[in-house]
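S.K.: I have a structure I would like to understand better, so I am pasting it below and will then ask my questions one at a time.
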């Protein structure tokens, strides 16, 4: 069985799909002018340019289909779902859910002929059906008033219970409404208009203006908790980072991106650590964001190859960059869009990267496979240096040069088990904000953009630590409503500060909501 290291050498631009075989070519002359298998590279390129109908560039979909390779050294893809020969896990019983028992008696409990009654027989037959009930209702608070009947001077004349806590002063909506709005918009990335339509179908009519004013009023409740998470993120020894565009319309309070063509285009940055997720909204995509976040501390930062991170690393002592192998893989795949004939060469590099993942994706396997990893990486670098001296298309040369230029950062994972091979986890977390940007086009004001960064940071950090975001958010806003502001002591909502009992409570689904 052949491996990527022992594949026959073929000219990468040749129009053949398979390596050259003498059985496939009837010509035995070394440089046959009529045979693409044996033409010299320069001659083949010259003849190819003269073709009246050259192969058109491939679309991204065609590239994706083309990269489903059938190499002989690859295992066949396993079908999804239950695998033949393995024990079925069975149906999930959902025993953690509360149950309400309904007894369904038969329509007739006696003999239709003689009317003799039926006698009970055996145990009842039980069937479980899981249901979800969501509806809106009003809670009426009645506060009886009492007057004193004595003449004591220090006793108030009227005794009455304190008013119900409200998150928004004089607001008529409970905490559960705001929890639903916040999670639906910032965690599910659904436009508020769709949520309001859904609530209206359930019997609750809300206006867009009411929701907007309420969110603006409660936005400051999240800033102190956000700042605590940012402080925690800045103490980590390993981080991952990425960024995507975000749009901020309306009044930006003097902040601008200095762009004449796209003045509303801002940038949403994400910094991921082992126990925090931090989002930063900023009008700039420059290095000032990583410089501010990673200033004056030693840290390993896994990113793509964006120049802003390189600029920051050159100016921060102790900031070491690790680079993403998934981006390297994309470099090679993109070559096929304009050079389909490069498929064998691209396939070889994709296979090398695939083997690298197989050997070192899991940190526990890196120690066991260290010798194989070191040998395979040395082979990859050797092949890259060889490719620099071949007559390759410019996109291929560019991909190889980038691979060699970033080699130290790409191999940093060998000695640091906390560093993954790629930045995919950060991109997955950022995808939710990209979906939101496409659904509701960003933020209509600066306060709304800040709220998006604050609440997604809080919800993302809770989720990363196994905390139920609905339970934790309800608990936090309940305290905020009772105090009329954010609590001074935020440790009960910081995963690294709470005790095990507190974390177990916030990790459970919410009980019957009474907010």
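S.K.: Residue check: is residue 323 under 20 Å from the mean Cα position of the chain (by Cα) and over 22 Å from residue 433 (Cα atoms)?
M.R.: Criteria met by residue 323.
S.K.: Just name the residue that is farthest from residue 277 (Cα to Cα) out of those in the stretch 228-239 that are touching a helix residue (DSSP H, G or I) at 6+ places or on another chain (Cβ under 9 Å) and outside any loop (DSSP other than H, G, I, E, B). Even if it seems obvious, please write down each step before you answer.
M.R.: Residues of the stretch 228-239 that are touching a helix residue (DSSP H, G or I) at 6+ places or on another chain (Cβ under 9 Å), as a first pass: 228-230, 232-234, 239.
Of the ones still in play, those that are also outside any loop (DSSP other than H, G, I, E, B) are 228-230, 232-233, 239.
Numbers: 228: 12, 229: 8, 230: 9, 232: 10, 233: 8, 239: 10 Å.
Looking at residues that are touching a helix residue (DSSP H, G or I) at 6+ places or on another chain (Cβ under 9 Å) and outside any loop (DSSP other than H, G, I, E, B), I get 228.
S.K.: Could you please give the count of residues in the stretch 471-486 that are surrounded by fewer than 20 Cβ atoms within 10 Å (Cβ to Cβ) and farther than 20 Å from residue 171 by Cβ?
M.R.: 1
S.K.: Here are some residues: 357, 311. Which one is assigned to a helix (DSSP H, G or I), surrounded by fewer than 19 Cβ atoms within 10 Å (Cβ to Cβ) and in the same structural domain as residue 241 (by TED's automatic domain parsing)? Talk me through it step by step, then tell me what you get.
M.R.: Values: 357 fails: in the same structural domain as residue 241 (by TED's automatic domain parsing).
Just a single option satisfies the conditions, and that option is 311.
S.K.: Any chance the stretch 259-266 includes a residue that's on the phi > 0 side of the Ramachandran plot and more than 24 Å from the chain's Cα centre (by Cα)? Step through it out loud before you land on a result.
M.R.: If we filter the stretch 259-266 for residues that are on the phi > 0 side of the Ramachandran plot, which is where we start, we get none.
Scanning the stretch 259-266, I find no residue that is on the phi > 0 side of the Ramachandran plot and more than 24 Å from the chain's Cα centre (by Cα), so the answer is no.
This table checks each residue for (1) more than 18 Å from residue 430 (Cα to Cα); (2) crowded, with 21+ Cβ neighbours inside 10 Å.
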residue	(1), (2)
264	yes, no
270	no, yes
274	no, no
277	no, yes
290	no, yes
296	yes, no
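S.K.: Could you tell me how many of the residues in the stretch 267-300 are in contact (Cβ under 8 Å) with a residue 60 or more places away in the chain and over 23 Å from the mean Cα position of the chain (by Cα)?
M.R.: Narrowing the stretch 267-300 to residues in contact (Cβ under 8 Å) with a residue 60 or more places away in the chain: 268, 270, 272, 274-281, 293-294, 297-300.
Filter once more, so that each one left must be over 23 Å from the mean Cα position of the chain (by Cα): 297-298.
Total meeting the criteria: 2.
S.K.: Would the stretch 368-384 turn up any residue that is surrounded by 14 or more Cβ atoms within 10 Å (Cβ to Cβ), farther than 25 Å from residue 237 by Cα and touching a residue at least 40 places away in the same chain (Cβ under 8 Å)?
M.R.: yes
S.K.: Turning to a different aspect of this structure: Consider residue 243 against the criteria (1) in a helix (DSSP H, G or I); (2) surrounded by 19 or more Cβ atoms within 10 Å (Cβ to Cβ): it satisfies all of them except one. Which criterion is unmet?
M.R.: (1)
S.K.: Regarding residue 84, is this residue in contact with a helix residue (DSSP H, G or I) (Cβ under 7 Å, 6 or more places away or on another chain), at pLDDT below 90 and assigned to a loop (DSSP other than H, G, I, E, B)? Even if it seems obvious, please write down each step before you answer.
M.R.: On the way: in contact with a helix residue (DSSP H, G or I) (Cβ under 7 Å, 6 or more places away or on another chain): no; at pLDDT below 90: yes; assigned to a loop (DSSP other than H, G, I, E, B): yes.
Taking the combined requirement at face value, the residue does not satisfy it.
S.K.: For the stretch 405-464, enumerate the residues that are part of a helix (DSSP H, G or I), closer than 21 Å to residue 301 by Cα and free of Cβ contacts under 8 Å to residues at least 60 places away in the same chain.
M.R.: Within the stretch 405-464, 405, 407, 408, 414, 428, 431 qualify.
S.K.: Which of (1) in contact (Cβ under 8 Å) with a residue 12 or more places away in the chain; (2) surrounded by 14 or more Cβ atoms within 10 Å (Cβ to Cβ); (3) in contact with a helix residue (DSSP H, G or I) (Cβ under 9 Å, 6 or more places away or on another chain) is the odd one out, the single condition residue 397 does not satisfy?
M.R.: (1)
S.K.: Going by what's in this entry, would residue 392 be described as in contact (Cβ under 8 Å) with a residue 60 or more places away in the chain and not in a helix (DSSP H, G or I)?
M.R.: Values: in contact (Cβ under 8 Å) with a residue 60 or more places away in the chain: yes; not in a helix (DSSP H, G or I): yes.
So residue 392 fits the description; yes.
S.K.: Moving on to the next point. With the structure loaded, tell me whether residue 170 is under 25 Å from residue 481 (Cβ atoms), assigned to a loop (DSSP other than H, G, I, E, B) and modelled with pLDDT of 90 or more or whether it fails that test. Don't jump to the end; show me each part of the working.
M.R.: Values: under 25 Å from residue 481 (Cβ atoms): yes; assigned to a loop (DSSP other than H, G, I, E, B): yes; modelled with pLDDT of 90 or more: no.
Judged against the criteria, residue 170 is not a match.
The values are calculated or read from the model by the stated rules, or taken from the named source; none is laboratory data. As the structure is a prediction and not an experimental result, all values here were calculated from the model. Glycine gets a Cβ as well: all are built from the backbone with ideal geometry, and neighbour counts include every protein chain shown.
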